[in-house]
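Worksheet: one structure, shown below.
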Amino acid sequence: MSKIQLNGRKIELSNKHSIVTLLKKYKIDGKKIAVELNGKIINRNKYKLIYLKNKDKIEIVHFIGGG
Amino acid sequence: MKKDTFKISDQILKSRLIVGTGKYKNFKETADAVKASGASMVTIAVRRVNILDKKKPLLTDYLNPKKIKYLPNTAGCFNADESLRTLRLAREMGGWKMVKLEVLGDKKTLYPDMIETLKATKVLVKEGFKVLVYCSDDPLLAKELEYLGASAVMPLASPIGSGQGIQNKINLSIIIKNAKVPIIVDAGIGSASDATIAMELGCDGVLVNSAIAKAKKSVLMAESFKNAVVSGRQSFLAGKMQKLFYADPSTPSKGLI
């Protein structure tokens, strides 16, 4: 089990999760977002290769309306 | 006559009106207003995905980024580092190199922090971004942004979202006369006539959000802005008459009975 921070919220993951499976868990379309892990932007092609560890901080962002 | 094209960096835009997509009641209204405005580029923001509400509609479902150019902004960023982080994420998300930089300095006036803005512009240009920069209406700083490689310089008309219109025509005119990159008036436009005035001064374009989104009938206002920008541009190209102190009759006095 690992405790991570996702978009500022503390969450616990019981299984081993890659970025791809985390996105799936939250029903997020991987094509419409960008991911930053511990302050580093992760290239979309690497989502399935990177597994989340304890204390990781992950930010998932998308586009919203703005001026 | 030479065709009047609006070009920012290597992008040719069909409309000189760029619209923001914030403050609308919902995405349907946003999309309708954008359509009515005739804009070919819209500003958008980068925010955290709401992980608790999985069914929340997405802006991209209503405004197809393949049909309309997305210009990611840095709204809400108060220093160079925050805005760089935001725009790098935006580039990762959509692959867009053209971005709007706005580094705010003060929560009350949303006036740009020009020191941080200059710093961020330098880095973004180095990283290959095409940067449209929201800035104060200071002619020297506007020129400095151009030297640093900004693709367009976007001085404010008055504070963001205030609807106070163009407060300093002299500064804007000086900026326009000195510029070799497009000058786009950004922020503070309150009504369609403000947009016409900006275009008559010789601006290359205007960026409008609140004046359309906050109108009672936003879609109608969007169309009004579309016409206002075209009208102002035509008026600028036509070259207006000289002002006279006294009257000058429109009808010849020769042959008067």
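The values are calculated or read from the model by the stated rules, or taken from the named source; none is laboratory data. Nothing here was measured: the structure is a model prediction, and the numbers come from that model. Cβ atoms come from the backbone with ideal geometry, glycine included; neighbour counts cover every protein chain shown. Please note that ligands, DNA and RNA were not included when accessible areas were found on the heavy atoms of the full protein model with its side chains. Shrake-Rupley method; radii C 1.70, N 1.55, O 1.52, S 1.80 Å.
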- Query: Looking at (1) closer than 12 Å to B:ASP137 by Cβ; (2) polar (S, T, N, Q); (3) buried (at least 24 other Cβ atoms within 10 Å of the Cβ), can you tell me which one B:GLN167 breaks?
  - Reply: (3)
- Message: Of everything in segment A:10-25, what is in contact (Cβ under 8 Å) with a residue 12 or more places away in the chain and either within 11 Å of another protein chain (Cβ to nearest Cβ) or buried (at least 16 other Cβ atoms within 10 Å of the Cβ) (or both)? Give them in sequence order.
- Response: A:LEU13, A:HIS17, A:ILE19, A:LEU22, A:LEU23
- Note on the structure: Here the qualifying pairs (Cβ atoms under 9 Å; residues six or more apart or on different chains; first in segment B:227-239 and of a type in the set (A, V, I, L, M, F, W, C); second modelled with pLDDT under 95 and open to solvent by 80 Å² or more (accessible area, probe 1.4 Å)) come out as B:LEU237/B:MET1
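Scan the strands (runs of 3 or more DSSP E) fully inside segment B:1-97 and keep the ones with 3 or more residues being open to solvent by less than 20 Å² (accessible area, probe 1.4 Å) and within 12 Å of chain A (Cβ to nearest Cβ).
Values: elements: B:6-8, B:11-13, B:17-20, B:41-48, B:69-72.
Here the list reads B:17-20, B:41-48, B:69-72.
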- Message: For segment B:114-127, check the following and say yes or no: at least one residue is open to solvent by 20 Å² or more (accessible area, probe 1.4 Å), in contact (Cβ under 8 Å) with a residue 40 or more places away in the chain, of a type in the set (Val, Ile, Thr) and touching a Leu at 6+ places or on another chain (Cβ under 7 Å).
- Response: yes
- Identify the single condition in (1) at pLDDT 95 or above; (2) touching a helix residue (DSSP H, G or I) at 6+ places or on another chain (Cβ under 6 Å); (3) not hydrophobic (A, V, I, L, M, F, W, C) that B:ASP204 does not satisfy, given that it satisfies every other one. (2)
- Message: If B:ILE174 meets every condition in (1) surrounded by fewer than 21 Cβ atoms within 10 Å (Cβ to Cβ); (2) more than 24 Å from B:GLY105 (Cβ to Cβ); (3) not polar (S, T, N, Q) apart from one, which number is that one?
- Response: (2)
